[in-house]
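Worksheet for the structure shown next.
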Amino acid sequence: MALTDADLVARVLLDDDHHAFAELVRNHQSSVRGLLRQLVRADVSLADDLAQETFLRAYKNLRSFRGEARFSTWLYRIAYNCFREEARKRKELVGIDEAQLEAQHDPQTTDPALRQDLAHALQLLPLHERTAVLLCCQNGLSHDEAARVLEIPLGTVKTNVLRGREKLKRTLAAWGPN
Amino acid sequence: MDENLQEDWLDARLRDEAVYVDDGGFTANVVRKLPARRMRHSLRAVILLKRTVVASIIAYLLSGGGWFIAEEVTRFALLPLPVIWLCAAGATVLVMVGGLAAVIFKTGARLR
């Protein structure tokens, strides 16, 4: 039987069980790395460095995880803070490594041209709208959870998601259902 | 109706974009960078106890059966009563200060 996040966290806290923490990393690495890749708009290795920093911070501060929110929500919050710190350091993050991102995608799932247009449309959104759309529409967080991750009011999250979606719909109108 | 269709379509496309990122050694890298494992409290206590017992046995053997202990106890018992009281009070203060320092150190470490 697979252990829940709560079980694994308890094992890490009680016995400093590195295997349990590795299981947590394995379970969440894809979503955290995916989110950071979408946020940084830079090379994939930078996103992975930030993801690594996210998990190391999570390990260090695991005692502060009270289990009130989902473990993934707590991780997204740390990841977003890592991203903000990096962005502040760099001021401006440049150019997405399209070739590397392309290699991560399964060419069978979506039309490559549509995928490219969607990725481009997402990159055109202002950071606050892009982050809100990615968290809520792509990673399945509720508005309330996204508000906790981004540390902004619930109403602001709803507005950002709504505006972001409107812009995406306009940009991708040609691809939409007839 | 069209509006709803458009919303569903957009959500589906966004979810499609969230493809699985292959681990590719990422987890192993993170685990490698974790700090060394903390020793369990129970294990630490057993190790300390074992060391104390071994050190006591070595000291007993090296001191010729511990004859000096009996000699010192006798000498101590012959001291004037106020000196014995003073020694007892001094030992008590020493233990209290040690305990207090340990508590302050532990609390400070937890707050950090």
Once the in-chain neighbours fewer than 8 apart are removed, the lysines whose Cα is under 17 Å from A:Lys60 read B:Lys33
Expected max-MSF residue from B:Ala12, B:Ala102, B:Ala36 in the GNM of chain B (alpha carbon, under 10 Å) is B:Ala12
Quick note on A:Trp74, B:Trp85, B:Trp9, ordering by fewest other C-beta atoms within 10 Å, gives B:Trp85, B:Trp9, A:Trp74
In a Gaussian network model of chain B with springs linking alpha carbons closer than 10 Å, the residue among B:Phe26, B:Phe68, B:Phe76 that fluctuates most is B:Phe26
The extension gain from B:Val53 to B:Leu100, computed as 0.36 nm times the residue separation minus the Cα-Cα distance, is 14.3 nm
Asserting the computed 222 nm helical MRE of the protein assembly as shown (DSSP H runs at least 4 long, -39500 (n - 2.57) per run, divided by residue count, to nearest 500) equals -24000 deg cm²/dmol
A chain fully extended from A:Ala6 to A:Ser64 at 0.36 nm per residue, minus the present Cα-Cα distance, gains in nm 19.6 nm
The FRET efficiency for B:Ala45 and A:Asp49, from their Cβ-Cβ distance with R0 = 41 Å and rounded to 0.05, is 0.55
Excluding residues fewer than 8 positions from A:Lys158 in its own chain, the lysines with Cα under 29 Å of it are A:Lys89, A:Lys91, A:Lys167, A:Lys169
Filtering trypsin sites (Lys or Arg not before Pro) in the range A:1-73 by DSSP loop and by at most 11 other Cβ atoms within 10 Å leaves A:Arg66
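Throughout, read-outs are computed from the coordinates displayed, never taken from laboratory work. Everything numeric in this text was worked out from a predicted model, so none of it was measured. Don't worry about glycine lacking a Cβ; one is built from the backbone with ideal geometry, like all the others, and counts go over all protein chains shown.
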